[in-house]
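The values are calculated or read from the model by the stated rules, or taken from the named source; none is laboratory data. Quick caveat, the model's predicted, so the values are computed rather than measured. No Cβ is skipped: glycine too gets one built from the backbone with ideal geometry, and neighbour counts run over all protein chains shown. All accessible areas refer to the heavy atoms of the entire protein, side chains included, with ligands and DNA or RNA removed. Shrake-Rupley method; radii C 1.70, N 1.55, O 1.52, S 1.80 Å.
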Amino acid sequence: MRTSPAFTGLDCIDCGVRHDPTEITGRCPDCGGILDPAYDLDAVDLTRATLRERPFESMWRYAELLPFDREAAVNLGAGATPLHECDRLAEEMGVGRVLIKDEGRNPTGTFKDRGQAAAMTGAVEFGADEVSIPSAGNAGHSHAAYASRAGLDAHVFLPTRAGDTQKTMVQAHGAALTEVPGPLTEAGAAHDERAAEAGWHSLKTFVTPYRHDGKKTMFYEIAEQMDWSVPDAVVYPTGGGVGLIGMHKAAGEFRDLGFTDDRPSMYAAQSTGCAPIADAFEADAEIHEAVTDPDTVCNGIEVPDPGASPWVLETLRESDGGAVATTDEAILDAALDVCRLEGVEMGVTCAAAASGAAALADRGEFGPDDTVLLLNTGAGIKDVATYAEGLAAE
Ligand SMILES: *Cc1c(COP(=O)(O)O)cnc(C)c1O
Ligand SMILES: [Zn+2]
């Protein structure tokens, strides 16, 4: 396995046991807990100056802080996305600055590429030959592209209600597509059964230990793009919470390396049509209650039963952040508003962050000088049909 020098093993977040990544992948064999790649930061041979000299071309410029060597990378150029200053939005929200990190610029149009890049590299290094995933749509699309890049056979399970773009592109990349009626939970169950029978290497959310580490690179880029400062608040359209956990981890790593002083407050934004995290945060609960009848235009965050909710909720509290849910109507309005005010095309799912940030600002959660960063986790043009519905409703 071509692991990076500082990667010391996979730590179980529940029982604390460290596992050898050459022998173990998936969940903790002792207790079923989620595995988190651990690093010896003293062994990270990296400075701000070194980073600044490197071309801003992909997430692999942070290979010292990823599990695998750059030469092992299954690479389609994910990462190195722009950060847009949004003055008119800032004025509208009554905050100092609004920044949008535009993850729509990734190879398959969403930040899922960062997670799949790391996890597919892990699969190849582990010796997998058939990989699989259940997904609401975008992770499946990205998975198919990265499997094809790696030369592996792929099996993707999507809810029947997933977007046409995602279903078509999964097949364009040559992956086997299985559509499962009902919410994501059903596609997940169908996948798990088939994957266990067939011995597929699963890259499901928080089954592979590597997706949140791929996604954490979003924060590294943000800190660099902000000249080694950090936003006061990050508002994140939250499904499983993979990127939110990853960015909080990255913020801790950059702080501990002495690259930045602080960590941002992390906020989870959801739609009221499926808001298990926001509801649990509101109720001061340590774990979510599964949503039985999810229904939202934000298909990328329609995750009714997010398995890592205790970790997500702990992250929100530890970072002094919070959670918010707004209606689909408000989210569609926000998507159109950002298009018109700033020229930035947010995915409809991602506009939950714009709508949520506005609601948080109304609640007085942000100060007039605060820098609020919105994650545009995916491209607007992946959601054209929903944009058309929003326009028709105006
Ligand atoms: C998957 C997805 C999300 C949610 O990601 P998590 O990290 O699992 O919470 C948000 N936005 C888009 C566009 C997505 O595809
Ligand atoms: Zn364990």
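Shape analysis of the stretch 146-258 yields a ratio of the Cα radius of gyration to the Kirkwood radius, Rg/Rh, of 1.06.
Remark: relative contact order (the stretch 7-61) = 33 percent; criterion is Cα-Cα distance under 8 angstrom and separation of 6 or more residues. Extension gain, Glu85-Cys15: 0.36 nm per intervening residue step, less the Cα-Cα distance, totals 21.0 nm. Report summary: the helix-based calculation at 222 nm, which adds -39500 (n - 2.57) for every DSSP H run with n ≥ 4 and divides by the residues of the chain, gives -11000 deg cm²/dmol.
Take every pair of alpha-carbon atoms less than 8 Å apart whose residues are at least six positions apart; their mean separation over the length of the chain yields a relative contact order of 17 percent.
Ranked by solvent-accessible area (1.4 Å probe, protein heavy atoms only, all chains present), the residues Arg161, Arg48 order from largest to smallest as Arg161, Arg48. Gyration tensor analysis over the Cα atoms of the chain returns equivalent ellipsoid semi-axes of 29, 25, 20 Å (largest first, whole Å). Hydrodynamic estimate: the Kirkwood radius of the stretch 67-160 over Cα pairs, inserted into Stokes-Einstein at 20 °C and 1.002 mPa s, corresponds to D of 145 µm²/s. For Asp232, the shell of other residues with beta-carbons less than 12 Å away shows a net charge of -3, using +1 for Lys and Arg and -1 for Asp and Glu.
The Cβ shell under 9 Å around Ile100 holds other residues with a net charge of -2, Lys and Arg each +1, Asp and Glu each -1. Taking all protein chains as they are arranged and a probe of 1.4 Å, the heavy atoms of Glu282 leave approximately 130 Å² accessible to solvent. Counting only protein heavy atoms and using a 1.4 Å probe, the accessible area of Glu85 comes to about 90 Å². Both radii are taken from the alpha-carbon atoms of the stretch 7-61; with Rh as the Kirkwood radius, Rg/Rh is 1.15. Accessible area ranking (1.4 Å probe, heavy atoms, ligands and nucleic acids excluded), largest first, for Ile34, Ile287, Ile13: Ile287, Ile13, Ile34. Site pair Cys31 and Thr47 shows an inter-label distance of 4.1 nm when each label is modelled 7 Å from Cα along Cα→Cβ. When the chain is treated as a GNM with alpha-carbon contacts under 10 Å, the residue of Pro368, Pro304, Pro107 showing the greatest mean-square fluctuation is Pro368. Apolar share of the accessible surface for the chain: 44 percent from carbon plus sulfur atoms, 1.4 Å probe. Probing with 1.4 Å while keeping every protein chain in the model, the per residue accessible area of the chain equals 38 Å². Length available on full extension from Met1 to Ala38: 0.36 nm per residue minus the Cα-Cα distance, which gives 11.7 nm. Assuming a ≥ b ≥ c are the square roots of the Cα gyration tensor eigenvalues, decide whether the stretch 114-205 counts as rounded (a/c under 1.5), prolate (otherwise, with a/b larger than b/c) or oblate. Oblate is the answer for the stretch 114-205, as a/c is 1.5 or above yet b/c matches or exceeds a/b. The heavy atoms of Asp293 offer some 120 square angstrom of accessible surface to a 1.4 angstrom probe. Scaling against 2.2 N^0.38 Å puts the C-alpha radius of gyration of the stretch 181-326 at 1.10. Mark the label point 7 Å from the Cα of Glu329 along Cα→Cβ and return the residues of the stretch 253-289 whose backbone N is within less than 20 Å of it. The answer is 270-275, whose backbone nitrogens lie closer than 20 Å to the label point. Counting 0.36 nm for each residue step from Asp362 to Ala392 and taking away their Cα separation leaves a gain of 8.1 nm.
Note on the stretch 279-340: Rg/Rh from Cα positions, Kirkwood definition for Rh, rounded to two decimals, is 1.02.
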